[in-house]
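The structure appears right after this line, and notes come after that.
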Amino acid sequence: MSFTVAIVGRPNVGKSTLFNRLLEQRKAIVDDISGVTRDRQYGVTDWNGKTFNIIDTGGFVPDTEDIFETEIRKQVRIAIEESDALIFMTDAAIGITDLDESMVALLRRSDKPVFLAVNKVDNPERMFLASEFYGFGFDNIFFVSSMSGSGTGELLDAIAELIPKDVDEDENAEKNELPKFAIIGQPNVGKSSLLNAMIGEERTIVSDIAGTTRDSIHTHYNLFNKEFILIDTAGLRKKNKEKEDLEFYSVIRAIRAMDEADICLLLIDATKGITAQDVNIFSLVTRKGKGIVVLVNKWDLAEKTTNTARDYEKQLKEKLAPFTDVPVIFISAKEKTRIFKVIETALEVYAGRHVKIPTSKLNEVMLKAVEAYHAPVIRGHPLRIKYVTQLPTAVPSFAFFCNYPDDVKPSYRNYLENQLRTHFKLSGVPIRIYFRKK
Ligand code: GDP
Ligand code: GDP
């Protein structure tokens, strides 16, 4: 299930303030394209058990009035095309402007649900001024203060109502569904080339299945006894559109592909190294609890000495920290090197993500690890971990039952995670650890 909400509106109405609030201040991942746009932000949030992506479309830094208006209209158009619902934000302190009016004209023509959020309604006087926005004629209108948070809960309630309940991934797995892999990465990193290297000339395509959401193609792959579904969004880029906002398209589609996939194959350009944008996408994948394999593509272009790959991997992992237990493969989509290794590794990560560790084995290993290295004393009392169990969730999750669940230090939590990773094959698999009262 993938549901994406884009926040559109003039600069300075408070989009980024709302974004941060909806993500509960967990500072959003921010892209590194500066000069053209003010940070466009992407994140994932959870409200009433519904999970959805939020995009703050950012603001254009204008040269002239004309370009300014053109760029904003372009963003709104992409947001309408690519998202499932829109939050259109205006500013009660300023009132209706020409730019608001021209955005309304675009939004009225869209068939996506629009939530008008009149922002900066910090007090009753502002509420009085804000009523002019009823004139836009939107059914869904919310008077909010992004700064204080007032009204934002109602806005989220209304959005969450549109979203079907999350389907339990485990049910899918039990139905013997095939593993789903998505190839993601920035424009020109080699996504289409990798897809061709995997399925292109070899006639491995069994059938084309319509994607579960629009705009993605699912290809059933079956070769050398390996069977899975490849989710492709790369080929669907609209190459004809002049001066389109490639970054916006590619990220919004990557997010959708991520939601549909079990495992993400994240491509990085060997000649450019890992960028802030790549790191953002990586952390979004891990926050969504999807499996991940990092592919350093165009390795044929890299100057190779004996240690290059090892050094490269070391530097790469420093950027990916704290989650570094991730397979990294150096490939060339063009020369088709190590493509089969990619498939094998992705299938291993898939197996790791669906592993069910027997409770007896888990306790045998983990209680020994607890004995080997005790947690720091809590207010004069030793932390006692009595037993461990794996929870029946899609993302591998483990509950440690102990006497002071709220006081376990992050460093000890990390120790336990590392021990789990050492003893069980969880490379590329984000896991969750909980402490519960026993
Ligand atoms: P964006 O350009 O649309 O992303 O706008 P920002 O989120 O950067 O906010 C622009 C300015 O409006 C900042 O100075 C914010 O502090 C301010 N602002 C945002 N929300 C509110 C609000 O609810 N009330 C008031 N009074 N100011 C706000
Ligand atoms: P996409 O936008 O991510 O789908 O990237 P493409 O697959 O269209 O590739 C962009 C460009 O990089 C094309 O010119 C490809 O030929 C080139 N390319 C892709 N993979 C490799 C590779 O492994 N080595 C080299 N040298 N070039 C590559």
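Observations
- When TYR373 is tested against (1) of a type in the set (Ser, Thr, Tyr); (2) at pLDDT 95 or above; (3) under 28 Å from PHE400 (Cα atoms), just one condition goes unmet, and that condition is (2).
- When each of LEU362, LEU426, LEU367 is tested for being part of a helix (DSSP H, G or I), surrounded by 12 or more Cβ atoms within 10 Å (Cβ to Cβ), touching a residue at least 24 places away in the same chain (Cβ under 8 Å) and of a type in the set (A, V, I, L, M), the lone residue that passes is LEU362.
- ILE33, sole failed condition from (1) more than 13 Å from ligand 1 (Cβ to nearest atom); (2) closer than 26 Å to ILE96 by Cβ; (3) at pLDDT below 85: (2)
- Among (1) surrounded by 12 or more Cβ atoms within 10 Å (Cβ to Cβ); (2) modelled with pLDDT of 80 or more, the one test that PRO164 misses: (1)
- Residue list for the stretch 290-324, restricted to those being buried (at least 19 other Cβ atoms within 10 Å of the Cβ) and in a loop (DSSP other than H, G, I, E, B): LYS290, LYS298
- Qualifying residue in the stretch 74-82 (condition: in the same structural domain as GLU24 (by TED's automatic domain parsing), within 13 Å of ligand 1 (Cβ to nearest atom), farther than 19 Å from VAL251 by Cβ and polar (S, T, N, Q)): no
- Any hit, the stretch 342-352, residues being of a type in the set (A, V, I, L, M, F, W, C) and more than 26 Å from CYS264 (Cβ to Cβ): no
- When residues of the stretch 254-284 are limited to those that are out of contact with any strand residue (DSSP E or B) (no Cβ under 7 Å at 6 or more places or on another chain) and of a type in the set (S, T, N, Q), the one surrounded by the most Cβ atoms within 10 Å (Cβ to Cβ): GLN277
- Selected residue [within 12 Å of ligand 1 (Cβ to nearest atom) and at negative phi] from ASP91, ASP111, ASP98: ASP91
The values are calculated or read from the model by the stated rules, or taken from the named source; none is laboratory data. Predicted model only: the values in this text are computed from it and were never measured. With ideal geometry, Cβ positions are generated from the backbone for all residues, glycine too; neighbour counts draw on all protein chains shown.
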